[in-house]
1. Which of the residues spanning the range 88-120 are within 20 Å of the chain's Cα centre (by Cα) and either surrounded by fewer than 14 Cβ atoms within 10 Å (Cβ to Cβ) or in contact (Cβ under 8 Å) with a residue 40 or more places away in the chain (or both)?
2. Tell me yes or no: at least one residue of the range 91-108 is among the acidic types (D, E), out of contact with any Ser or Thr (no Cβ under 8 Å at 6 or more places or on another chain), over 30 Å from A172 (Cβ atoms) and assigned to a helix (DSSP H, G or I).
3. Considering only residues that are of a type in the set (D, E, K, R) and modelled with pLDDT under 95, look in the range 171-205 and name the one that is farthest from W122 (Cα to Cα).
4. Could you tell me how many of the residues in the range 184-205 are within 26 Å of L57 (Cα to Cα) and in a helix (DSSP H, G or I)?
5. So which of K170, K181, K137 is in contact (Cβ under 8 Å) with a residue 40 or more places away in the chain and assigned to a helix (DSSP H, G or I)?
6. Modelled with pLDDT of 95 or more, under 18 Å from F185 (Cβ atoms) and in contact with a helix residue (DSSP H, G or I) (Cβ under 7 Å, 6 or more places away or on another chain), is that true of L57?
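The values are calculated or read from the model by the stated rules, or taken from the named source; none is laboratory data. The structure presented is a predicted model; accordingly, all values stated were derived computationally and were not measured. Glycine also receives a Cβ, built like all others from the backbone with ideal geometry; neighbour counts cover every protein chain displayed.
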Amino acid sequence: MKHFKIHFTNLESVVFFFFALVIMSFVGGAHANSDQKTEVTPEKTKTYILDKLYSNLKSAKSSKSAGTIAGAIEELWLKSGSDTVDLLMHRAGIALSQNNQTLALELLDTVVVLKPNYTEGWSRRAKIYFAEKAYSKALLDLRRVLALDPQNFRAVHGLAMTLQETGKKKQALNVYRKLLKIHPFMPSAQNAVEELVREVEGQDS
């Protein structure tokens, strides 16, 4: 099969690509050799689509196209495949909107127990820990996200911010640079790199 790269220009093309990939996955599974059947699961399909979207994000030519692709990725992150987890995430969101971090954390604690491979549960909990300056806990959750999805640009951004807040500026700079390779148009990342370069080089001189 030839390798191909698609550059999305609008949300409609992203949605179309989603459906195309799902159809391709099921067609491929239907024609699999009887002795080598490949089970097509929602999780495998989600991973496949994410990989394609991450590839296109890296090669985006403008902040507009990158924003469209990043938005599609973030929507896909939310898909847990579980009605129970979706409900818990919704309630956690309501709790946060009401400034009830304690309840939100309790709900997210349940999410990560019920579905430990669901990155968004860990990511949302890390965000709360960061806001509460519980940096060690935030780092643990962010690293859990990145173990599951190394290209999760929100988690990479969160890791860089946490390292920066805890005074680990050289490490933060390296992570921000990695972030820009994943998402070249990530808002504020370029400014953070420029700021940290000045600070780190100033310390080393």
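1. H90, G93, V113, P116, N117, T119, E120
2. Here is the first cut: in the range 91-108, the residues among the acidic types (D, E) are 106.
From what is left, the residues that are out of contact with any Ser or Thr (no Cβ under 8 Å at 6 or more places or on another chain) are 106.
Those still in the list that are over 30 Å from A172 (Cβ atoms) too: 106.
From the residues that got through so far, the ones that are assigned to a helix (DSSP H, G or I) too are 106.
Yes, that holds for at least one residue.
3. At the first step, the residues of the range 171-205 found to be of a type in the set (D, E, K, R) are 177-178, 181, 194-195, 198-199, 201, 204.
Those left that are additionally modelled with pLDDT under 95: 194-195, 198-199, 201, 204.
Values: E194: 29, E195: 29, R198: 32, E199: 31, E201: 34, D204: 35 Å.
Going through the qualifying residues, I end up with D204.
4. Step one: list which residues in the range 184-205 are within 26 Å of L57 (Cα to Cα), which gives 184-197.
Applying the additional criterion that residues be in a helix (DSSP H, G or I) yields 189-197.
Number of matching residues: 9.
5. Values: K170 fails: in contact (Cβ under 8 Å) with a residue 40 or more places away in the chain; K137 fails: in contact (Cβ under 8 Å) with a residue 40 or more places away in the chain.
Only one candidate qualifies: K181.
6. Values: modelled with pLDDT of 95 or more: yes; under 18 Å from F185 (Cβ atoms): yes; in contact with a helix residue (DSSP H, G or I) (Cβ under 7 Å, 6 or more places away or on another chain): yes.
It is true that L57 is modelled with pLDDT of 95 or more, under 18 Å from F185 (Cβ atoms) and in contact with a helix residue (DSSP H, G or I) (Cβ under 7 Å, 6 or more places away or on another chain).
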